[in-house]
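Single-structure report; data block below.
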Amino acid sequence: MSKENITFRLENEKRVILDAIAAGLDRDRTYVLNEAIDLYLEVYQWQIAQIKAGLAEADTGDFATDEDVQSVFARLTHVD
């Protein structure tokens with residue numbers, strides 16, 4: 001995989017935290033930034049896929065019934 005340099009501005013406080021994390025992991029700043037970007041991209045790719053899947057279901061009229069929604073809501077708000 002080819003690599004490319006990229007430059008962006010970062011608030012000083014964030015750089016300090018980034019450097020502390022890198023030191024704690026015994027890694028360099030580039031390693032920590034690449035890990036953070038990998039996680040960010042993974043989360044947003046998943047989120048976009050879920051949104052597209054939901055829209056596709058909605059386009060076909062595949063909605064939860066009122067009973068389904070009430071059942072899930074009751075399960076999630078049930079207090080023992």
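Readers should treat all values here as calculations from the given coordinates under stated rules, not as data from a laboratory. A quick note: this is a predicted structure, and the numbers were derived from the prediction, not measured. Don't worry about glycine lacking a Cβ; one is built from the backbone with ideal geometry, like all the others, and counts go over all protein chains shown.
Of the peptides 26-33, 56-63, the ranking by mean beta-carbon count within 10 Å, highest at the top, reads 26-33, 56-63.
Sequence-ordered 3J(HN,Hα) estimates for the range 19-34 from the Karplus curve with 6.51, -1.76 and 1.60 and θ = phi - 60° stand at 5, 5, 5, 4, 5, x, 8, 6, 10, 8, 4, 4, 4, 5, 5, 5 Hz, glycine and proline given as x.
When the Cα positions of 56, 17, 74 are compared along the charge dipole of the range 12-77, 17 comes out farthest toward the positive end, with charges on each C-beta of Lys, Arg, Asp and Glu. For the chain, the mean residue ellipticity at 222 nm estimated from helices alone is -24500 deg cm²/dmol, where every DSSP H run of n ≥ 4 contributes -39500 (n - 2.57) and the total is divided by all residues, rounded to the nearest 500.
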